[in-house]
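The values are calculated or read from the model by the stated rules, or taken from the named source; none is laboratory data. Bear in mind the structure is a predicted one, so any value in this text is a computation, not a measurement. Positions of Cβ are backbone-derived with ideal geometry, glycine not excepted, and every protein chain shown enters the neighbour counts.
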Amino acid sequence: MTAQTDTPGSVTAVYKVSGMSCGHCEGAVSGEVSELPGVSSVKAVASTGEVTVVSAAPLDEEAVRSAIDEAGFELVAKI
């Protein structure tokens, strides 16, 4: 469960999310998570249930969980 750094000053984290089944789901999750402070990109993939987030610093997992809950889905784990 370690975050990897892609470019200086950025952190990439991958989360497992349950309930996503289509592009609309991906957009809902991406939209909510992208509103978190410091987030520069979000890629949600319904077929794998993975959400990849690039941010300026490590994100608070509870903030990510809250954003995913707001979109109507469940954060299962940080992977």
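Might you check whether a residue that is more than 11 Å from Ile68 (Cα to Cα) and either modelled with pLDDT of 95 or more or surrounded by 18 or more Cβ atoms within 10 Å (Cβ to Cβ) (or both) occurs anywhere in the stretch 2-10? Looking through the stretch 2-10, none of the residues is more than 11 Å from Ile68 (Cα to Cα) and either modelled with pLDDT of 95 or more or surrounded by 18 or more Cβ atoms within 10 Å (Cβ to Cβ) (or both).
Residues of the stretch 35-53 being in a strand (DSSP E or B), within 15 Å of Cys25 (Cα to Cα) and either of a type in the set (Ser, Thr, Tyr) or in contact with a Leu (Cβ under 8 Å, 6 or more places away or on another chain) (or both), which ones? Listed by number, the list holds a single entry, Thr52.
For Val39, are the conditions met, namely being of a type outside the set (D, E, K, R), over 14 Å from Leu75 (Cα atoms), in contact with a strand residue (DSSP E or B) (Cβ under 8 Å, 6 or more places away or on another chain) and surrounded by 14 or more Cβ atoms within 10 Å (Cβ to Cβ)? It is true that Val39 is of a type outside the set (D, E, K, R), over 14 Å from Leu75 (Cα atoms), in contact with a strand residue (DSSP E or B) (Cβ under 8 Å, 6 or more places away or on another chain) and surrounded by 14 or more Cβ atoms within 10 Å (Cβ to Cβ). If you check Val54 against the conditions, is it surrounded by 15 or more Cβ atoms within 10 Å (Cβ to Cβ) and over 14 Å from Glu70 (Cβ atoms)? Criteria met by Val54.
Taking every residue in the stretch 10-32 that is among the polar types (S, T, N, Q) and pairing it with any residue that is surrounded by fewer than 16 Cβ atoms within 10 Å (Cβ to Cβ) and assigned to a loop (DSSP other than H, G, I, E, B), at least 6 positions away or on another chain, the pairs with Cβ-Cβ distances below 6 Å are Thr12/Asp6.
Residue count for the stretch 54-79 satisfying the condition of being under 13 Å from Val11 (Cβ atoms) and in a loop (DSSP other than H, G, I, E, B): 5.
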